[in-house]
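**Q** Structure provided below as structure tokens; questions to follow.
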Amino acid sequence: MEGQSIDVPNLDSRFILGMRIDPTSYSDATSRVLAWASSSESRYVCASNVHVIMESHDSAEFRAMVNGADLVAPDGMPLVWALRLFGVADATRVTGPTLTGHLLERAAAEGITIGFYGGTPRVVARILEACGRSFPGLRVEYAHSPPFRQLTAEEDAAVTGEINASGASILFVGLGCPKQERWMALHKGRVNAVMLGVGAAFDFLAGAKPRAPVWMRRAGLEWLFRLVKEPRLWRRYAYHNPRFVALLAGQYLKSLVV
């Protein structure tokens, strides 16, 4: 199957504030990633929340990068509610951290090679320890913590070569938004793996940060939990969240008139 493109069913996607959102599920997303990985396809998956969608709204270049992804999962209840508002009644949330867990479990069971790109050296080391405990037999062929700056062309070429030489079929990318989405878009066709931008999943896997309780996630309050734990995020939420609500309301009202 190597080198052959895998066709998967289309999704009933919606464009929210100009950004595509795919109403996928954990089962569907996992199956897609594994199908692409089985044929060594260069693909990328975005797990998008309000931060991503507002970055997309503010930058046409970034929006094109997200819309160019092979799958844009609704990571964040506001995006799930937006999908439902525009006719996808059975839309569900698919978060980067939880999807990562599903994929690691399947990869360990099926012998699929994986890699990690992002995070600090300490976080990466702790991820490897945690994976060894939780997913026996998992084949981690690549793990790298890049410097917190833009790589030179030579450095980037070296990293790309190392990833491909490792043989990793699935690459978890934890650089944070919008850096990870840009990195994946620029490396599609160059990295021979399915790239997943999973952001905070690195810290959760490493046990470096706690995750919000399930009830807060279901209620769409994970942002509040993160704000309490990381007060520095207040500027992001204060800037993005009210604008998202206002712009979404405007799009919905406009749809009623058309």
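**Q** Exactly one of (1) under 19 Å from the mean Cα position of the chain (by Cα); (2) closer than 20 Å to G189 by Cα; (3) not β-branched (V, I, T) is unmet by P146. Its number?
**A** (2)
**Q** Return yes when E41 is on the phi < 0 side of the Ramachandran plot and either of a type in the set (A, V, I, L, M) or touching a residue at least 12 places away in the same chain (Cβ under 8 Å) (or both) and no when it is not. Spell out how you get there, then give the answer.
**A** Details: on the phi < 0 side of the Ramachandran plot: yes; either of a type in the set (A, V, I, L, M) or touching a residue at least 12 places away in the same chain (Cβ under 8 Å) (or both): yes.
Against the criterion (on the phi < 0 side of the Ramachandran plot and either of a type in the set (A, V, I, L, M) or touching a residue at least 12 places away in the same chain (Cβ under 8 Å) (or both)), E41 qualifies.
**Q** A follow-up question, please. Restricting attention to region 106-122, which residues are under 15 Å from F204 (Cβ atoms) and either modelled with pLDDT of 95 or more or not basic (K, R) (or both)? Steps first, answer last, please.
**A** Quick first cut of region 106-122, residues under 15 Å from F204 (Cβ atoms) only: 116, 118-120, 122.
F116, G118, G119, T120, listed by residue number.
**Q** What do you reckon, is A73 buried (at least 19 other Cβ atoms within 10 Å of the Cβ), touching a Leu at 6+ places or on another chain (Cβ under 8 Å) and assigned to a helix (DSSP H, G or I)?
**A** Criteria not met by A73.
**Q** With the checklist (1) within 19 Å of G176 (Cα to Cα); (2) surrounded by fewer than 20 Cβ atoms within 10 Å (Cβ to Cβ); (3) among the β-branched types (V, I, T); (4) without any contact (Cβ under 8 Å) to a residue 60 or more places away in the chain in hand, flag the one item T98 doesn't pass.
**A** Just one mismatch for T98, condition (4).
**Q** Return the residues of region 166-189 that are over 24 Å from L128 (Cβ atoms) and either touching a Cys at 6+ places or on another chain (Cβ under 6 Å) or not hydrophobic (A, V, I, L, M, F, W, C) (or both); say none if nothing qualifies.
**A** If the condition is that a residue be over 24 Å from L128 (Cβ atoms) and either touching a Cys at 6+ places or on another chain (Cβ under 6 Å) or not hydrophobic (A, V, I, L, M, F, W, C) (or both), then P178, E181, R182, K188, G189 are the ones that fit.
**Q** Please pick out the residue among G76, G115 that is in contact (Cβ under 8 Å) with a residue 24 or more places away in the chain, of a type outside the set (A, V, I, L, M) and closer than 30 Å to G161 by Cα.
**A** G115
**Q** Just for helices (runs of 4 or more DSSP H) wholly inside region 141-236: which have at least 1 residues that are modelled with pLDDT of 95 or more and in contact with a Lys or Arg (Cβ under 7 Å, 6 or more places away or on another chain)?
**A** Once the helices (runs of 4 or more DSSP H) in region 141-236 are filtered for at least 1 residues that are modelled with pLDDT of 95 or more and in contact with a Lys or Arg (Cβ under 7 Å, 6 or more places away or on another chain), what remains is 153-166.
**Q** In region 220-258, what residues are of a type in the set (A, V, I, L, M) and closer than 15 Å to V50 by Cβ? Outline the logic, then answer.
**A** Residues of region 220-258 that are of a type in the set (A, V, I, L, M), as a first pass: 221, 224, 227-228, 233, 238, 245-249, 253, 256-258.
Passing the criteria: L221, L224, L227, L233, A238, V245, A246, L247, L248, A249.
**Q** Something else now. Working carefully through the options R126, R122, find the one that is part of a helix (DSSP H, G or I), surrounded by 16 or more Cβ atoms within 10 Å (Cβ to Cβ) and either in contact with a Cys (Cβ under 8 Å, 6 or more places away or on another chain) or not aliphatic (A, V, I, L, M) (or both).
**A** R126
The values are calculated or read from the model by the stated rules, or taken from the named source; none is laboratory data. Model, not experiment: these values are computed from the prediction. Glycine gets a Cβ as well: all are built from the backbone with ideal geometry, and neighbour counts include every protein chain shown.
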